[in-house]
Every structure is written in structure tokens, then in C-alpha cells.
Amino acid sequence: QVQLVESGGGLVQPGGSLNLSCAASGFAFSSMIMRWYRQAPGKERELAATITTTPTLTSYRDSVQGRFTISRDNAKNMLYLQMNDLTPEDTAVYYCKALRHNNWGQGTQVTVSS
């Protein structure tokens, strides 16, 4: 079955960085468009970043463009999100998701606070 396990979250000061990871299994990861979503307290879940397969293209929501980088390692079935210059507005639970599957992982909490 489809499994997605996010990790790498934590507490970081404004301006800091985190690198999130997502271990995927149960589907053909290398041929799947993958996404990172996030959900802040009291807000709806929103799409943060997308990465395609071949060719590998990426896209970001405006508020993270230039600060976040989504990447993948198809050999390891891993998805990553490098987050730099974090702000309190980035505080959220971050989730990875395969485009064609409805499964969600448990998410990883990112808290940006001084």
C-alpha cells in the first residue's frame, strides 16, 4: 500500500533553514509527480511545491519561491524540501503527497519562532 513518511521538521529561528524528507513506498515513485503541502494552524492545507518526473520540473507557490527547493532521489524513493530564510508564516505541518494517490502521511511539524 502507499506509504509516505515525512521527517526533518523542528523548531527554528526566523532566517534559519530546514531540510524535510519524505520516504515513499507502495507505488512507482520515479514516474509520479510529487508535491509538498502545508497546513498552518487554523488554515486550510495549501500546496507549497511540485516536482515532475522526466524532465524534472519544479514549481512553487509565490510565498516560498526563491526560498524553498523541492528535489527527489528516484533511486531511494525519497522526496526533499530544502527550506531557507524561514519566517514565522512558514510555521505549519508539512506533508508530501503523490499526485495520483489520495494517501497522506502523518506530516512533520515546522515551527519558526524566536
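The values are calculated or read from the model by the stated rules, or taken from the named source; none is laboratory data. Just so it is clear, the structure is predicted and the values come from calculations on it, not from any experiment. Glycine also receives a Cβ, built like all others from the backbone with ideal geometry; neighbour counts cover every protein chain displayed. Side chains are part of the model used for accessible areas, which takes the heavy atoms of the whole protein and leaves out ligands, DNA and RNA. Shrake-Rupley method; radii C 1.70, N 1.55, O 1.52, S 1.80 Å.
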How large is the dipole of the chain about the Cα centre if only Lys and Arg carry +1 and Asp and Glu carry -1, each at its Cβ, rounded to the nearest 20 debye?
300
When the accessible area of the chain is computed with all protein chains present and a 1.4 Å probe, what percentage of it is carbon and sulfur?
47
Charges on Cβ only, +1 for Lys and Arg, -1 for Asp and Glu, centred on the Cα centroid of the chain; of Val112, Thr50, Leu11, which one is farthest towards the dipole's positive end?
Thr50
What one gets for the chain as the Kirkwood radius, inverse of mean 1/r over different Cα pairs in Å, is 14.0
In Å², rounded to a whole number, the accessible area per residue of the chain with probe 1.4 Å is 53
Lys and Arg at +1, Asp and Glu at -1: neighbours of Ala23 with Cβ under 15 Å from its Cβ sum to +1
Unit-weight point scatterers at every alpha-carbon of segment 29-80, Debye formula, q = 0.12, 0.24, 0.29, 0.30 1/Å: log10 I(q)/I(0) is -0.28, -0.92, -1.14, -1.18
Karplus-derived 3J(HN,Hα), 6.51/-1.76/1.60, for each residue of segment 71-77, Hz, glycine and proline x
8, 9, 10, 5, 5, 10, 6
Could you run the Karplus curve 6.51 cos²θ - 1.76 cosθ + 1.60 with θ = phi - 60° over segment 24-30 and give me ³J(HN,Hα) per residue in whole Hz, x for Gly and Pro?
10, 7, x, 7, 7, 4, 5
Using the Karplus equation 6.51 cos²θ - 1.76 cosθ + 1.60 (θ = phi - 60°), what ³J(HN,Hα) coupling, rounded to whole Hz, does each residue of segment 52-67 give in order, writing x for Gly and Pro?
8, 9, 10, x, 7, 10, 10, 8, 9, 6, 4, 5, 10, 4, x, 10
Trypsin sites (Lys or Arg not before Pro) within segment 1-99: which are DSSP loop residues with at most 12 other Cβ atoms inside 10 Å?
Lys43, Lys76
Computed E for Leu47/Ser114 - FRET, C-beta separation, R0 22 angstrom, nearest 0.05:
0.20
